[in-house]
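Just below is one structure, and these are the notes that go with it.
Values in this text are rule-based calculations from the coordinates and carry no lab data. These numbers come from a predicted model, not from an experiment. Cβ sites come from the backbone with ideal geometry, for glycine too, and all protein chains shown count toward neighbours.
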Amino acid sequence: MIDQIQGRTARHPATADCFAAYLNGLVSFSRVRLRHVGRAQNLAGIALDRLRAGLAPPQPLAAEQALHHSGDVA
């Protein structure tokens, strides 16, 4: 997608409407920075892929749950 936005590769005709809406949304910004985020670091992308595949979203590890709840008062 970044290559398409920057004009390095051809845009796919099926995404023309989304691409036009994206460009129209950029008009109000004076500067935009695009950055590729690898799939392993893109937690939202991983969750969406799992939902599309009919799988449950990834669950936090036990250590993450303990950190999240460590401030809870019983």
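Brief remarks follow.
- Of the trypsin sites (Lys or Arg not before Pro) found in segment 21-51, those that fall in a DSSP loop while having at most 12 other beta-carbon atoms within 10 Å are 31, 33, 35.
- Inter-label distance, residue 34 to residue 20: 1.9 nm, where each label sits 7 Å from its Cα along the C-beta direction.
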